[in-house]
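What follows is a single structure, written as structure tokens, with notes after it.
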Amino acid sequence: MTGVPLSAYLVLALVLFCIGLYGALTKRNAVIVLISIELMLNAANINLVAFSKLGVTPSITGQVFSLFTITIAAAEAAVGLAILMSLYRNRKTVNVDEMDIMKH
Amino acid sequence: MTLSGELIAFFGLALVAILGGVLLITLTKVVHMVIALVFTFLSIAGIYLLLSAEFVAVVQILIYSGAITIVMLFGIMLTKHQESDEPAKGGWGKITLLLAIAGFAVAVYLGIYNLDIPVQPATLHEENTKQIGIELFSKYVIPFEVMSVLLLVALVGAIVLAKKDDEEGDQS
């Protein structure tokens, strides 16, 4: 019984991470930028869970750690959207190109 | 390598996950992008099931495809946006970025493509939730409590940030 090799999971996580990175750097709507960052965090989670089963010493620690990561990601999404709301109230835009108030 | 059921499931789920990501990049309407990403989150939950992490898979479905997607949709609905997120001024910037990301991908791929760790027998699938609970409350109890404080801070911070501050003038 040959299972899926570890490198297949790692390559999947790499592809998802690159998609998220590209989205975060090119999209102009700030909500989409936030959700691309969530995609990148998810790719890291896949790595954690994959190593927890197929790593050198399989143990449950990787899964516990990925639960912590998911918690952090949820908190980050909430705070990010709150900042976005407050910014939108002041500047009437969610376009990241126009968020340059601290630039000059 | 024989075509086992696990392999077929992995390829199907990976295909849906990557397809969702590609749709996130290519679709033009903002709401459609978020909906496309729900498919990615769900198939990542399926990947977790393949890796015998049932509890993490359920948490993934609840938190990501439930909570975070809904919060993001609220964020889209509550802000006035252009219906479609028109791409930025393409050109050299985007091409350079693509090249940089491709270089990063190739560099990491060279490191992982022949990574071969002999598979050890693991008992992660037996009473998965119970194992996580025991580990969480015996070995990782302090990080767990710190995490609860962090969630409280994030909750208060989000409320304070998003609160309407129109009566700021008359309070001293």
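Read-outs throughout are calculated quantities, based only on the coordinates presented, and are distinct from any laboratory measurement. Here the structure is a predicted model, which is why all the values come from computation and not from measurement. Counting neighbours? That spans all protein chains shown, and the Cβs are built from the backbone with ideal geometry, glycine included.
Quick rundown of the values:
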quantity	calculated
For chain B: Kirkwood Rh in Å [reciprocal of mean 1/r, alpha carbons]	20.6 Å
Where labels lie 7 Å past Cα in the beta-carbon direction, separation of A:Ile83 and B:Ile112 in nm	2.7 nm
Theoretical ellipticity at 222 nm over chain B - DSSP helices of four or more residues, -39500 (n - 2.57) apiece, nearest 500	-22500 deg cm²/dmol
Cα radius of gyration and Dmax for the protein assembly as shown (Å)	20.3, 74
Average partner coverage of A:67-76, which counts Cβ from other chains inside 10 Å	6
Ellipticity estimate at 222 nm from DSSP helix runs (n ≥ 4, -39,500 (n - 2.57)) divided over chain A, nearest 500	-26500 deg cm²/dmol
Equivalent ellipsoid semi-axes, the stretch A:1-52, via Cα gyration tensor eigenvalues times 5, rooted, Å	27, 10, 6
Computed label-point distance, nm, for sites B:Thr26 and B:Val160 using a 7 Å Cα→Cβ extension	4.5 nm
Dipole magnitude of chain A, debye to nearest 20 (Cβ charges: Lys/Arg +1, Asp/Glu -1, about Cα centre)	160 debye
Label-point separation, A:Glu98 to B:Phe144 (7 Å along Cα→Cβ), nm	4.7 nm
Fraction of alpha-carbon pairs over 12 Å apart in the stretch A:29-91 - percent	70 percent
